[in-house]
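Everything below concerns the one structure shown next.
The values are calculated or read from the model by the stated rules, or taken from the named source; none is laboratory data. Source: prediction; values computed, not measured. Note: ideal-geometry Cβ built from the backbone for every residue, glycine included; neighbour counts use all protein chains shown. When the accessible area is computed, the model is the full protein with side chains, heavy atoms only, and any ligands, DNA or RNA have been set aside. Shrake-Rupley method; radii C 1.70, N 1.55, O 1.52, S 1.80 Å.
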2 protein chains.
Amino acid sequence: MSALRLVPESLTADGFAGYGDVIEARGRPDLIINAGRCGRYHDLARLDFGDGRPGLSVFDAQEVVLPHRVDLVERHPMGSQAFLPLGGAAVMLIVVAGDAGGVPSGLRAFVSAPGQGVNLQRGIWHGVLTPLGGDGQFAVIDRVGAGDNLEEYRLDPSAVVVPP
Amino acid sequence: MSALRLVPESLTADGFAGYGDVIEARGRPDLIINAGRCGRYHDLARLDFGDGRPGLSVFDAQEVVLPHRVDLVERHPMGSQAFLPLGGAAVMLIVVAGDAGGVPSGLRAFVSAPGQGVNLQRGIWHGVLTPLGGDGQFAVIDRVGAGDNLEEYRLDPSAVVVPP
């Protein structure tokens, strides 16, 4: 079977709503602080760590170049996972899918813009961290705790994300 | 009284240990994931939200230029607060102080490098978010919950952070 061809979309809060939250300074701030010198966009993510606790880690990931083949997706059944560009590559390719009885279904690909992070909701199928335009460090906020919080699924056919 | 002159130090984990955590890919990763293409630096921050919950917000802050006068510091008695550069300015000036019976004592200033974030421990006196080299958006992880989690202190004399 030939690979599924995926054309990436720009990452927007609306487009991504079924998978998670886009973390960005969007629209008007909720609060102006620091004597007018800072806008606070408050509480942008549905963080969810179940019976665990939040952990803040850094992922140092190698660049991918489009076209990029995706043959594995994963999900975290016990908590949400947020990715925030910290250094190096400012943007990432984000592959997500719906779920049909435990099987990833309806793959989509998004490309973030500089200044955007994402928070994947608990249980959302997604590809691994894939910086574009260079290697990149990303702050990751996810669940720390006991139990198996990783489920993987090998795609057959695989998908190929082509340049937009 | 003339202002206290502060020369900023480079931000390092050791230098900052008394105030909080430096969030960065430092040394060897704790775990290699994603088929060898990503290093995970695991659980780098002492996150602490007391009786509240973690919130992920974005601060959009105006640049400061050195020399920069600091006449106000604040602390959060109910939880930790992390700042991660998300877009725009990659670095920030971080002013912190010890505490002597409710009064900030022993001010120090740090300048972060690109790819570094910080997590301030609960109750640490600090200046407000001050990007250097341009306006900047920063992801902020702090406590969401009831109660007054902000205490401010007006410095007299004030401090002036000079170029390093």
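Order A:51, A:135, most accessible first, counting only protein heavy atoms with a 1.4 angstrom probe. Spell out each step's value before the answer.
Working: A:51 125, A:135 90 Å².
Descending order: A:51, A:135.
Tell me whether region A:32-164 comes out rounded, prolate or oblate; compute the Cα gyration tensor, take square roots of the eigenvalues as a ≥ b ≥ c, and use a/c under 1.5 as the rounded threshold.
Details: a/c = 1.95, a/b = 1.24, b/c = 1.57.
Because a/c hits 1.5 or more and a/b fails to exceed b/c, region A:32-164 counts as oblate.
The dipole here belongs to region B:4-161: it is taken about the Cα centre, uses +1 on the Cβ of Lys and Arg and -1 on the Cβ of Asp and Glu, and is about 420 debye. Place +1 on the Cβ of every Lys and Arg and -1 on the Cβ of every Asp and Glu in the protein assembly as shown, take the dipole about the Cα centre, and give the residue among A:116, A:45, A:162 whose Cα lies farthest towards its positive end. It is A:162.
Based on alpha-carbon atoms, the Kirkwood radius and the radius of gyration of the protein assembly as shown give Rg/Rh equal to 1.00.
Nearest 0.05, what FRET efficiency do residue A:156 and residue A:42 give at R0 = 41 Å with Cβ-Cβ as r? Show your work: numbers first, answer last.
Working: r = 43 Å, r/R0 = 1.04.
The value I calculate is 0.45.
Using the average count of surrounding beta-carbon atoms within 10 Å as a protection proxy, the listed peptides A:34-44, B:40-50 rank, highest first, as B:40-50, A:34-44.
Taking all protein chains together, B:140, A:111 sort by accessible area into A:111, B:140, largest first [probe 1.4 Å]. The other copies place their residue A:100 label points at 7.0 nm from this one, listed shortest first, where each point is 7 Å from Cα along Cα→Cβ.
Find the sum over both chains of the accessible area lost when A and B are paired, probe 1.4 Å, and report it in Å² to the nearest 100.
Numbers: alone 8760 and 8750 Å², together 14050 Å².
Buried area (both sides, nearest 100 Å²): 3500 Å².
When ligands, DNA and RNA are left out and all protein chains stay put, how many square angstrom of accessible area per residue does the protein assembly as shown have with a 1.4 Å probe? Can you show the working numbers first?
Numbers: 14050 Å² over 328 residues.
Ligands and nucleic acids excluded, the figure is 43 Å² per residue.
Here the relative contact order of chain B, from alpha carbon pairs under 8 Å that lie six or more residues apart, stands at 39 percent.
Evaluated with a Cβ-only charge set (Lys, Arg +1; Asp, Glu -1), the protein assembly as shown carries a dipole of roughly 300 debye about its Cα centre, given to the nearest 20.
First compute the accessible area of region B:4-161 with a 1.4 Å probe, then give the percent of it belonging to carbon and sulfur atoms. Before the final figure, lay out each step's value.
Working: 3170 of 6470 Å².
C and S atoms contribute 49 percent here.
A probe of 1.4 angstrom, applied to the heavy atoms of all protein chains, finds residue A:86 with accessible area near 10 square angstrom.
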